[in-house]
Number of protein chains: 2
Amino acid sequence: MSGQSPAAERHTSAVNDNLRIARTARLWPIEEIAHRLGVPGEAVEPYGRGIAKLDLSAIDALAGQPRGRYIVVSAITPTPLGEGKTTTAIGLTQGLQRLGHRASVALRQPSMGPTLGIKGGAAGGGHSQVVPMERINLHLTGDLHAVAAAHNLLAAMVDNHLHHRLEPQLDPQQIHWQRAIDINDRALRHIVLGLGERVDGVPRQGGFEITAASEVMAILALADSLADLRQRLGRIVIGYDRDGQAVTAEQIRAAGAMAALLKEALKPNLLQTLEHAPALIHAGPFGNIAHGNSSIVADRIGLHGSDFLVTEAGFGADMGAERFFNIKCRTSGLTPDAAVLVATVRALKYHSGQHQVLPGKPLPDSLLAENPQQVHAGGANLLKQIDNIRAHGITPVVAINAFPSDHPSEHAAIVELAASVGVKAVLTSHVLDGGDGALALAEAVVEQASAGADFQYLYPDELPLEAKIARIATRLYGAADVAFSTTAQGQLERYQQQGYGQFPVCIAKSHLSLSADPTRLGAPEGWTLPVREVRLSAGAGFVYALCGDIRTLPGLGADPAAAHIDIDAQGEISGLF
Amino acid sequence: MSGQSPAAERHTSAVNDNLRIARTARLWPIEEIAHRLGVPGEAVEPYGRGIAKLDLSAIDALAGQPRGRYIVVSAITPTPLGEGKTTTAIGLTQGLQRLGHRASVALRQPSMGPTLGIKGGAAGGGHSQVVPMERINLHLTGDLHAVAAAHNLLAAMVDNHLHHRLEPQLDPQQIHWQRAIDINDRALRHIVLGLGERVDGVPRQGGFEITAASEVMAILALADSLADLRQRLGRIVIGYDRDGQAVTAEQIRAAGAMAALLKEALKPNLLQTLEHAPALIHAGPFGNIAHGNSSIVADRIGLHGSDFLVTEAGFGADMGAERFFNIKCRTSGLTPDAAVLVATVRALKYHSGQHQVLPGKPLPDSLLAENPQQVHAGGANLLKQIDNIRAHGITPVVAINAFPSDHPSEHAAIVELAASVGVKAVLTSHVLDGGDGALALAEAVVEQASAGADFQYLYPDELPLEAKIARIATRLYGAADVAFSTTAQGQLERYQQQGYGQFPVCIAKSHLSLSADPTRLGAPEGWTLPVREVRLSAGAGFVYALCGDIRTLPGLGADPAAAHIDIDAQGEISGLF
């Protein structure tokens, strides 16, 4: 009837299910959810129905409570569609709650760019969603806009500094601070600004990045207090002066106003899952040029307000989990107790190299036929990502995120693969069944967390930056070698000399492969990681290496998601998923 | 001690007073304020302490209540410092409340650009403020960001349309839709975008305007319902196709998603004055290229929830009040019952042409010496603005906004001037004394409103656009003639042919003079209004004429306000006023 393929029909039906479930959800008053966390009423600031901001005084108020278990949810190398880390984190939380534990989930706030571009909603799916879904996907409490405002205030003050020729005299060719926007707008990637007349500023090249890619967003996620936020903003390096000296946001006199603009944004947002578990949605740094993890302040509240805090780290375990361990935990001093590695039948078949999967398109029907051999063929990726978590002293539980199109023989293949390296793999059907579908996963996670972990960083602070990059590439990615460009070498020397050698590193590469080449599936070996450029996030406190083409401002397709979104006279929004 | 002049010291001391008063204010729970308006609890959505959004269902819920009196506060032609319309509107509301009436105030939401640039806070002053002041000045509930997001989504979809060569084929040289940002950033006024490679879009000229100048903001202020908002967004004309046909946001398929992005923004924000009168802060369209008045939906709630709704119209009576009458009231069908014209001793002395007043600088000491003759010399402006209100069938009350540096003889001069044309002028000291200081003003306004007005528009819908512009210029501004450029003539013919001839017009000119030349003070005569260009706001529903240099994106000074703003570890913000 619809002319869709069976796969496309299933996709459409799943989307409609998500919407129907989210719309019929009965929200509990957010004050009750806050009460479950033990957050005192005076720290709870409602922001519309079912949403509150939590004042950071909640951290002190909860400090006397025992710290819960800290669980990170990561994944094998995903297909362009994603493998369900968010739904698994939500489902696991609901499963833990069904087992009688106090459990909370901490997630990143999604960028509106992809929501309006290609991806649709980002609040989980099926019976494992955070609600109210529309608010999560559109503005939430405005934190992303506050980040963009702080970012763009600094940019305006930088160009104003140039215009009025203030001291220190900036070198216009060495200004690295761009502007930020939360829209997929390719035409703003590269611009010439300051055109017009004398009163319209100094002409120079510039550009925009998506708000999630802003260093301000990374800072928001890593700051431990308002005072820490203020200091980190001041340390941002925006470029260099005519003598080659780094110039900071503090010197541009922007950091105080930036912090004032972020006063509300630093307060974590509290929402709820469909089963009324507390959901902390706060900060959403990019997963390639930044660390791709939600905020430290939200985790602190969740950890002392629950028996278990479940959090998600962006992309595969080589990326999000690595940064969770080596950047986020290093910054906060918190240590994880267990890890979950999400795997799907479809992704393992994809890693066999026999299929093409494109974002925004339904899965090819060929991927859906029963084929446990293909699961085994793609299993190298699963084994490598298990090993990547183990490199940090933690044995993961593999969560097999079940899809209706899976076959039992294919699930069995994943269990066998995991068992071959002594790891437990558990089927979870949280999308269809909510917390009930994640009971086995929750039990396995409780067991693993109780067994205790021997957490360790992959590298010590004092290892030089170059060696840190090499260690991640060879130990986690499976690279044989790293090739630094001349530019990158010069930058690494400069940062090392300037005293940034103690920083952790963040490697910006494709998330679709363990390598920097998105077409190399499975667990490629014998390749060389090409480091084109290295940049400094002095405020956030890390150095990041660009490997391959990394775009920090997406574009829209010929038929963008936004073109299908509408709202009726009663305020019902359609097309958002 | 401080090395400041007496005038500068007074200014600093007033700022400190504002801050101290705002900080020590005891807010009532916002639910109680909503209750005073008669808004049912289910339509009240708290957004942090002391702030709520009101669902538009409140309009229907209040429809059975009698409509209160509708009072517009305008001013004589201001100095660059402003003459206190906002404080007068707030003080008058508090005065009406002291007299035992149910009174509310409706104000525009200030742009963050000036707050971080030159102007400082915009929530009133002294004992006539709306609180919480910090939230009003920084983000409030995010409406301005939502407007910018909707605006920039359309911009991204326009350039995406070009990039993917979609139908109708746009003429890149006739795209008028710019991008929006709520920061004073002169370097973004004129840019070239779409640079880089093929995948980075189509190179063309573009630019940014401040969010307040966005047509989306004008639409938000004029929309009467969500359905009306949706339709207006679809009617926005973004430019022309290769056949010279106008292309709308509906054709770009952006209007549905834009409306979804504005769902929360369309709900008026409820706050309170220091004396707990309801304050509706909603929408903030520019006062030159747009109509400079707060939203219609907020006024509807306030009018049916109070005996008196006081609202402020931007700039002098020739601008904000004219548009209040001829654009806002024409669109809503609501009619005003009385008007207040704010005058100050300092502004009338300024109109004598004997002084220089600069924004961001304290008043020159010479302006402060007792000099009633100078007040009389500048009085032509007061008389002309009284006449401008009377041209709409309403006799204003003149509010003499008292400053500590005024002299009684100077106040008497204003009373005499007003009396010479049969108008009452009343001293008000609401900044120092709150509502108690505005009792006489409140009494005069009650009397005037009870006398009944014979409200009329300045021109009928069917008058051609050119004649509408000429009528405003000659009848209100005192121009002898209007000179239309060839460009403007062509545009007017085009709009007239395209069926936009019924629209009201908005004249963008200097607000510092009745003429288009900011240096011509008093009430200049015998001059010609030069109309350089005419543009269409098809969604908002008006045509606007550009007279002289109108900048839609301000810049920062060498010592911007933002450089003085900071926040301490406890979250106390300094330097915001």
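Numbers below:
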read-out	value
Checklist (1) touching a Lys or Arg at 6+ places or on another chain (Cβ under 7 Å); (2) open to solvent by less than 30 Å² (accessible area, probe 1.4 Å) applied to B:Leu56, failing item	(2)
In the range B:237-253, residue farthest from the other protein chains (Cβ to nearest Cβ) [restricted to those that are surrounded by fewer than 19 Cβ atoms within 10 Å (Cβ to Cβ) and assigned to a loop (DSSP other than H, G, I, E, B)]	B:Gly244
A:Ile394 vs. criteria more than 21 Å from A:Ala444 (Cβ to Cβ), of a type in the set (Val, Ile, Thr) and touching a strand residue (DSSP E or B) at 6+ places or on another chain (Cβ under 6 Å)	no
Any hit, the range A:28-36, residues being within 14 Å of chain B (Cβ to nearest Cβ) and open to solvent by less than 40 Å² (accessible area, probe 1.4 Å)	yes
Odd one out for A:Gly256, checked against (1) in a strand (DSSP E or B); (2) small (Gly, Ala, Ser); (3) buried (at least 21 other Cβ atoms within 10 Å of the Cβ); (4) more than 21 Å from the chain's Cα centre (by Cα)	(1)
Selected residue (only one of B:Gly124, B:Gly117 is in contact with a strand residue (DSSP E or B) (Cβ under 7 Å, 6 or more places away or on another chain), more than 30 Å from A:Pro554 (Cβ to Cβ) and either aromatic (Phe, Trp, Tyr) or more than 8 Å from every other protein chain (Cβ to nearest Cβ) (or both))	B:Gly124
Flag for B:Ala122 being under 16 Å from the mean Cα position of the chain (by Cα), open to solvent by 10 Å² or more (accessible area, probe 1.4 Å), among the aliphatic types (A, V, I, L, M) and at pLDDT below 95	yes
Of the criteria (1) more than 7 Å from chain A (Cβ to nearest Cβ); (2) in contact (Cβ under 8 Å) with a residue 40 or more places away in the chain; (3) aliphatic (A, V, I, L, M); (4) under 23 Å from A:Gly206 (Cβ atoms), which one B:Ala180 fails	(2)
The lone exception for A:Leu188 - which of (1) touching a residue at least 12 places away in the same chain (Cβ under 8 Å); (2) in contact with a helix residue (DSSP H, G or I) (Cβ under 6 Å, 6 or more places away or on another chain); (3) under 29 Å from B:Ala150 (Cβ atoms) it fails	(2)
A:Ala103 vs. criteria outside the structural domain of A:Gln385 (by TED's automatic domain parsing), buried (at least 24 other Cβ atoms within 10 Å of the Cβ) and over 15 Å from the mean Cα position of the chain (by Cα)	no
Verdict on A:Gln448 being buried (at least 21 other Cβ atoms within 10 Å of the Cβ), modelled with pLDDT of 95 or more and over 25 Å from A:Ala213 (Cα atoms)	yes
Boolean, B:Leu529 is within 16 Å of B:Ala246 (Cα to Cα), buried (at least 22 other Cβ atoms within 10 Å of the Cβ) and in contact with a helix residue (DSSP H, G or I) (Cβ under 9 Å, 6 or more places away or on another chain)	no
Members of the range B:423-437 found to be open to solvent by 10 Å² or more (accessible area, probe 1.4 Å), farther than 25 Å from B:Ala451 by Cα and in contact with a strand residue (DSSP E or B) (Cβ under 8 Å, 6 or more places away or on another chain), listed by number	B:Val431
Selection count, the range B:133-148, where residues are of a type in the set (Gly, Ala, Ser) and facing another protein chain (nearest Cβ under 7 Å)	2
Condition met for B:Ala290 (out of contact with any Cys (no Cβ under 8 Å at 6 or more places or on another chain) and either assigned to a strand (DSSP E or B) or not β-branched (Val, Ile, Thr) (or both))	no
Matching entry among B:Ala569, B:Ala562 (being more than 22 Å from the chain's Cα centre (by Cα) and either open to solvent by 20 Å² or more (accessible area, probe 1.4 Å) or away from chain A (no Cβ under 14 Å) (or both))	B:Ala569
Test: residue in the range B:308-329 that is within 14 Å of chain A (Cβ to nearest Cβ), of a type in the set (S, T, N, Q), outside any helix (DSSP H, G or I) and in contact (Cβ under 8 Å) with a residue 60 or more places away in the chain	no
Selection within the range B:549-559 - open to solvent by 40 Å² or more (accessible area, probe 1.4 Å) and at the interface with another protein chain (Cβ under 7 Å from one of its Cβ atoms)	B:Ala558
Any hit, the range B:188-200, residues being acidic (Asp, Glu), within 33 Å of the chain's Cα centre (by Cα) and more than 7 Å from chain A (Cβ to nearest Cβ)	no
Qualifying strands (runs of 3 or more DSSP E) (wholly inside the range B:464-577; at least 3 residues being touching a Phe, Trp or Tyr at 6+ places or on another chain (Cβ under 8 Å))	B:505-508, B:533-537
Criterion violated by A:Glu447 - all others in (1) assigned by TED's automatic domain parsing to the domain that holds A:Thr335; (2) touching a residue at least 24 places away in the same chain (Cβ under 8 Å) satisfied	(2)
Condition check for A:Leu536: open to solvent by less than 30 Å² (accessible area, probe 1.4 Å), under 26 Å from A:Ala223 (Cα atoms), within 14 Å of chain B (Cβ to nearest Cβ) and under 24 Å from the mean Cα position of the chain (by Cα)	no
Enumeration of residues in the range A:459-512 that are open to solvent by less than 40 Å² (accessible area, probe 1.4 Å), under 22 Å from the mean Cα position of the chain (by Cα) and among the hydrophobic types (A, V, I, L, M, F, W, C)	A:Ile469, A:Ile472, A:Ala473, A:Leu476, A:Val505, A:Cys506, A:Ile507, A:Ala508, A:Leu512
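The values are calculated or read from the model by the stated rules, or taken from the named source; none is laboratory data. Note that the coordinates shown come from a computational prediction; the quantities given were computed from them, not determined experimentally. Positions of Cβ are backbone-derived with ideal geometry, glycine not excepted, and every protein chain shown enters the neighbour counts. Quick note on the areas: whole protein, heavy atoms, side chains included, nothing else; ligands and nucleic acids left out. Shrake-Rupley method; radii C 1.70, N 1.55, O 1.52, S 1.80 Å.
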